[in-house]
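One structure is given here, and the rest of the page talks about it.
Since every read-out is calculated from the coordinates, none of them should be taken as a lab result. Because the structure is a prediction, the values reported are computed rather than measured. Cβ coordinates were reconstructed from backbone atoms using ideal geometry, including for glycine residues, and neighbour counts include every protein chain displayed.
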Amino acid sequence: MHIIEHKDRAAAKPYKDTVIFKRGGQKLRLRVHADPFAALFQMDAALDTMRKAESKIKANPADAEVQEAYGGAVLDFFAAVFGEDQTLAIVDFYKGLPGFMLRDVKRYIIGTALPKIKKLAAKQSRRA
């Protein structure tokens, strides 16, 4: 017999951080507050969608629908860490400069947030 018990998600310790993006003389300060388990799940789903869209883009680079799906997956990836409202603030801050947005936000997520989120999730999983 196997007993499977799920701990209350509300008890999960969130990943917290403050990040400042700079562009010219402007700054965008965001407070990050993410459930590590939900963030990892959402990032994984977004990355899967991005990979599928990338394959389709290689086959047909001019396909606007596929490009839109890829862009949506990138925003979903950002939202996994920042939430929807702050992701919209990022898009607004980098309006017209998508390359810089991708570079700066991906650098933060992959270089800073993701390793800490994984570590926090692993630590909490061991405690459960």
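Condition test on Ala39, is it in contact (Cβ under 8 Å) with a residue 24 or more places away in the chain, crowded, with 19+ Cβ neighbours inside 10 Å and in contact with a Ser or Thr (Cβ under 7 Å, 6 or more places away or on another chain)?
No, not satisfied.
Could you say whether any residue in segment 79-92 is touching a Ser or Thr at 6+ places or on another chain (Cβ under 7 Å) and within 19 Å of Ala45 (Cα to Cα)?
Checked segment 79-92: at least one residue is touching a Ser or Thr at 6+ places or on another chain (Cβ under 7 Å) and within 19 Å of Ala45 (Cα to Cα).
Pairs please, first residue from segment 45-71 and acidic (Asp, Glu), second anywhere and outside any helix (DSSP H, G or I) and loosely packed, with under 11 Cβ neighbours inside 10 Å, Cβ atoms under 8 Å, 6+ apart in sequence or on different chains.
That search, which allows pairs on different chains as well, returns nothing.
Given (1) out of contact with any strand residue (DSSP E or B) (no Cβ under 9 Å at 6 or more places or on another chain); (2) surrounded by 19 or more Cβ atoms within 10 Å (Cβ to Cβ), identify the lone condition not met by Asn60.
(2)
If I ask for residues that are under 25 Å from Tyr108 (Cα atoms) and acidic (Asp, Glu), which ones from segment 51-79 would you list?
Across segment 51-79, the qualifying residues are Glu54, Glu68, Asp76.
Is it the case that Pro115 is touching an Asp or Glu at 6+ places or on another chain (Cβ under 9 Å) and either surrounded by 14 or more Cβ atoms within 10 Å (Cβ to Cβ) or not small (Gly, Ala, Ser) (or both)? Step through it out loud before you land on a result.
Numbers: touching an Asp or Glu at 6+ places or on another chain (Cβ under 9 Å): no; either surrounded by 14 or more Cβ atoms within 10 Å (Cβ to Cβ) or not small (Gly, Ala, Ser) (or both): yes.
It is false that Pro115 is touching an Asp or Glu at 6+ places or on another chain (Cβ under 9 Å) and either surrounded by 14 or more Cβ atoms within 10 Å (Cβ to Cβ) or not small (Gly, Ala, Ser) (or both).
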